Amino acid sequence: MKAKTTKESRTIQASLVLPSDTNFHNTMFGGKMMSYIDEVGAIAAMRHCRRPVVTASIDSIDFLTPVKMGQSICLEAIVSSTGTTSMEVFVKIISENLMTGERALTATSFLTFVALDEDGKPTPVPPVIPETEEEKYLFETAEERKQMRKERKRSTEAFIGQLNIKKSI
């Protein structure tokens with residue numbers, strides 16, 4: 001399978017923050033931003049593998065600065081590393097005051113998507129080739145995040161076992 005460059009998956013999505021997107025502080029709902037993050041991440045993953053994908057995990061969403069009503073947000077997603085059937089996607093969100101042009105890094109997130117074949121089963125994905133310094137850094141540090149994901153999953157499974165909760169219904 002031929003490797004693809006990170007830029008082939010790059011997805012950029014901009015939105016205006018409207019009153020219906022905000023809470024009583026006139027700042028954007030975190031859940032609304034999470035929805036945008038999952039959507040732009042899925043598009044980047046599908047661009048990379050040219051297959052349907054499912055969200056396997058959301059490692060984190062770190063909210064750094066609030067986004068006020070009337071500002072815009074620009075989400076940028078790239079496939080930062082790949083496994084056999086999975087892709088780690090990095091999303092960064094920049095907010096902008098459209099009246100002043102002032103921009104701020106608003107949030108960052110790492111997600112994992114799994115590519116699916118015609119039967120809905122995991123299927124191999126192409127390797128990724130990072131090119132910029134940021135892409136190379138994300139690629140080089142991906143193994144550490146992968147190990148943290150595995151540990152978090154083991155911990156969650158142990159927790160579920162202690163609670164006697166069935167994994168499937």
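The values are calculated or read from the model by the stated rules, or taken from the named source; none is laboratory data. Quick caveat, the model's predicted, so the values are computed rather than measured. Note: ideal-geometry Cβ built from the backbone for every residue, glycine included; neighbour counts use all protein chains shown. When the accessible area is computed, the model is the full protein with side chains, heavy atoms only, and any ligands, DNA or RNA have been set aside. Shrake-Rupley method; radii C 1.70, N 1.55, O 1.52, S 1.80 Å.
In the range 40-71, which residue that is among the hydrophobic types (A, V, I, L, M, F, W, C) and assigned to a strand (DSSP E or B) is farthest from Met87 (Cα to Cα)?
Ranking the candidates gives Phe63 first.
With the requirement that a residue be part of a helix (DSSP H, G or I) and open to solvent by 90 Å² or more (accessible area, probe 1.4 Å), what does the range 119-138 give you?
Glu133, Tyr137
So the check is Cβ under 7 Å with 6+ separation or different chains; which pairs have a first residue in the range 22-44 that's on the phi > 0 side of the Ramachandran plot and without any contact (Cβ under 8 Å) to a residue 60 or more places away in the chain and a second one that's outside any helix (DSSP H, G or I) and among the aliphatic types (A, V, I, L, M)?
Asn26/Met69
Which of the residues belonging to the range 1-37 are more than 17 Å from the chain's Cα centre (by Cα) and in a helix (DSSP H, G or I)?
Pro19, Ser20, Asp21
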